[in-house]
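Everything on this sheet refers to the single structure shown next.
The values are calculated or read from the model by the stated rules, or taken from the named source; none is laboratory data. Note that the structure is predicted; figures quoted are calculated from it, not measured. Heavy atoms of the whole protein, side chains included, go into the accessibility calculation; ligands, DNA and RNA do not. Shrake-Rupley method; radii C 1.70, N 1.55, O 1.52, S 1.80 Å.
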Amino acid sequence: MKLNVIGFLVLSLLLVVLSACSSAAPGSTSEAAQFVGIVGGSGSNLTLNGQRLNLSKASITQDGDAATAATIQPGVELEVEGQSSNDGFDASRIDAKTRVKGQVDTVTTGGLEVVGVAVAVDANTILVNRNADGSFTTLALADIQPRDYLEVYGVPRNDNSVLATRIVRK
């Protein structure tokens, strides 16, 4: 009889501890997740892999260095940790990944070369100039000149080139 009481107390204690570990509110779904993807959407309606992206509680870096939410723009590749929820993804850590940074070597009709790396541009590539006030102005490929300083975000290709998803001239 004494053994059954001890077993019951141990089981009860275990259930209390396990229930205290749950942080999800009743009726909601929340699970820790990691994503890598290209930011979509616009303005305050940013998405990652088709899910709404909430940045309000995220620590943000760019290539490992401290950054602000202004870094997170459409076309930027992100590595994100956080909680998946019913209305999107609540990020706790975000790192924006730049593929190439540096001066333009050459510009062609289909792309450019930045510090020796071939960068392909297509109809989906976002080209912008970062203005002194932090705002962005849309550019065309013809606006980019040799020796311009660029940040290139995109997808690496098998031939060691990058298909640009966003190019920012500084």
Mean accessible surface per residue for the range 19-170, computed with a 1.4 Å probe while every protein chain stays in place, in Å²: 54
Candidate aspartates and glutamates - alpha carbon under 14 Å from residue 57, same-chain residues fewer than 8 apart omitted: 81, 90, 95
Cα gyration tensor, the range 43-157 - rounded (a/c under 1.5), prolate or oblate: prolate
